[in-house]
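Undergrad: Please find one structure pasted underneath; my questions will follow.
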Amino acid sequence: MGGVILIVAMTENDPNTGYLTGQLLVAMPAMSDPRFERSVIYMCAHTEDGAMGLVINRELESISFPDLLEQIGIEATPPKDAIRILFGGPVEQSRGFVLHSTDYKLDDTLEVHGGIALTASVDILRAIAEGHGPAQSLLVLGYAGWGPGQLEGEIQQNGWLHAPADTDLVFGIALEARWDASLARIGISPSALSGQAGHA
């Protein structure tokens, strides 16, 4: 677990103009990268220096929460609050992040936007396992990252739409329904989409 330093460095000078921090990226049907097909990504940071986000609608089948706790030496048998582990993106897939409600905070917790925070400390996993972690949380391994101007280029090429995020969509809606629900937030039906439509 680690990585909040990277995000803080990207966000501390964010002027919050024209960037997508705290919003959702929604993959267009024409998305050519199979790793992001029908993906919904919560944007943790977006500045002129690049962007970083976490896929929030794809579960990892290869590892369970109890397995992960055992691997990092946390004893909780069974954990009080077992949560699903998600594929956060193709970058550094051994790095873990917890996206969570702002009722829980550690020294290295980053409040992203609208009641959603990010913590990359093992301590939050211990708290979740012991039953006193955040009220709502997602555990993801890996992240999606873009260099300067790269994400903007992908949006212009109709790879992504963007939509507003809120705690209900990030935490409350079933994983398999999040892509459709994200499109519905901006008034788009999946059946009406084509590779030629964009919303930048």
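Please treat every number below as a calculation from the coordinates, not as lab data. These numbers were taken from a predicted model, which means no experiment stands behind them. Neighbour counts run over all protein chains shown; Cβ positions are idealised from the backbone, glycine included.
Undergrad: If a paramagnetic tag sat 7 Å from the Cα of Ser189 along the Cα-Cβ line, which residues of the stretch 23-60 would have the backbone N under 19 Å from that point?
TA: In the stretch 23-60, the label zone of Ser189 (backbone N under 19 Å from the point 7 Å along Cα→Cβ) covers 28-30.
Undergrad: What net charge is computed for the residues neighbouring Gly73, neighbours being all others with C-beta under 15 Å from the C-beta of Gly73, Lys and Arg scored +1, Asp and Glu -1?
TA: Every neighbour counted, the sum reads -4.
Undergrad: Could I ask something else about it? For the stretch 4-192, what's the relative contact order in percent, using C-alpha pairs closer than 8 Å and at least 6 residues apart?
TA: With pairs under 8 Å counted, the relative contact order is 27 percent.
Undergrad: While we're on this one: Whole-Hz ³J(HN,Hα) for each residue in the stretch 55-70, computed from phi via Karplus 6.51 cos²θ - 1.76 cosθ + 1.60 with θ = phi - 60°, x for glycine and proline: what do you get?
TA: Each residue of the stretch 55-70 in turn: 5, 10, 9, 9, 7, 8, 7, 7, 8, 9, 4, x, 4, 5, 4, 5 Hz.
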